[in-house]
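Here is the structure we will look at.
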Amino acid sequence: MKPHILQLSPILIPEIREQLATLFTVHPYYQQADKAAYLREVGGQIRGVITGGHTGITRQVMEQLPHLEVVAVNGVGTDAVDLAYARDHGITVSATVGALTEDVADLAMGLLIAACRGLCTSDRYVRSGQWPASATPLAPLPLARQVSGLRVGIVGLGRVGRAVATRATAFGCPISYTDLQPMGDVPYTFVADLVELARHSDALIVAAAADKAEGIIDARVLQALGSGGYLINVARGKLVNEPDLVAALEAGHIAGAGLDVFVDEPNVPPALFARDDVVLQPHRASATVQTRTRMGEMVIASLRQALI
Ligand code: 8YV
């Protein structure tokens, strides 16, 4: 008999879906209108869970899966999984560590360039027919901010932070970072205090794990980043105090932001929608065919190892 799996978030690669269906009986929880009733119906059979990094799995759901042995996170962050419950009940939790590093770092640079150079605003300008209509070429578009040479501050020098640093170095950007402790194997400047890091950065790039930290990018940090500074977040929305970010943008305390993640996805603070100084993405950092395929393969390997 094939092991039963509860799927809490979609898998977008058809080949991965086919392999999963060959090896397991997959129950698509995320598609159910009445999730509580569905759990009551299938919960007793479930031995494995597939979930996304942002979705995770709560204690309340795990409590209804008495035979659960493995939670395979299709992502690198396990912050949304109740790890204490999993540990106490001998449930293995796996993540796709290393599979999405390059994509997330690529998107961080993309957001930085898009925010500084006003790529999305310029795109809207061309599409809306304003270019030929304007009397003076480019009249309504302000000049942009040069990216090469920006002083980049990285919050969290893990895999993604390091990959961002490599890319930003190629743009001639001096790199500083903060983390729990200095790293002996990198040539970048360690700054213990986040406010200090922001004060000495033109762009602050958030790449930290969110297992313990919350709201660390607050009004003080944004004030220190300053009116010429940009905030980029490719980690977790909850690392940023969103009301403080909106207030800082509205007051001109920072120059702009590039955000792939939000506190309450898919709900984005509406105050951001009309702003040309922010670039918004719907949590897409790992959303390439190549990376999602690799991630899917790792999810399958983890389920196989635990259940077959
Ligand atoms: C994943 C994420 O792409 O890796 C993570 O922790 O949050 C995302 O970037 C997502 O989990 C896909 O399901």
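The numbers here are math on the coordinates, done by the rules we state, and not lab data. Just so it is clear, the structure is predicted and the values come from calculations on it, not from any experiment. Here Cβ is always computed from backbone atoms with ideal geometry, including for glycine, and neighbour counts include all displayed protein chains.
Quick notes
- Per residue, the average separation of C-alpha pairs within less than 8 Å and at least 6 apart gives region 101-280 a relative contact order of 22 percent.
- Extension gain, K212 to M1, is 72.0 nm, computed as 0.36 nm per intervening residue step minus the present C-alpha separation.
- Spin-label model, S128/Q45: points 7 Å from Cα along the beta carbon direction are separated by 5.3 nm.
- Computed from label points 7 Å out along Cα-Cβ, the spacing between D264 and T58 is 1.5 nm.
- Pairs of Cα atoms nearer than 8 Å and 6+ residues apart set the relative contact order; for the chain it is 17 percent.
- Within the chain, antiparallel bridges make up roughly 5 percent of the DSSP beta bridges whose residues both belong there.
- Secondary-structure-derived ellipticity at 222 nm for the chain, considering helices only, amounts to -10500 deg cm²/dmol, per-run term -39500 (n - 2.57) for DSSP H runs with n ≥ 4.
- Gyration tensor over the Cα atoms of the chain: the corresponding equivalent ellipsoid has semi-axes (square roots of 5 times the eigenvalues, largest first) of 38, 22, 18 Å.
- Spin-label pair A219/V186, simplified geometry with 7 Å Cα→Cβ offset, distance in nm: 3.0
- Structural descriptor for region 138-210: relative contact order 40 percent, calculated from alpha carbon pairs under 8 angstrom and at least 6 residues apart.
- Here region 1-88 has an Rg and Dmax of 12.3, 35 Å, counting Cα atoms alone.
- Placing +1 on the Cβ of every Lys and Arg and -1 on the Cβ of every Asp and Glu, with no other charges, gives the chain a dipole of roughly 480 debye about its Cα centre.
- Taking a straight line from the alpha carbon of K238, these aspartates and glutamates sit under 15 Å away, with near neighbours fewer than eight places off in the same chain left out: D79, D211, E214, D218, D260, D264, E265.
- Stretchable slack from S148 to C120, in nm (0.36 nm times residue separation minus alpha-carbon distance): 8.2 nm
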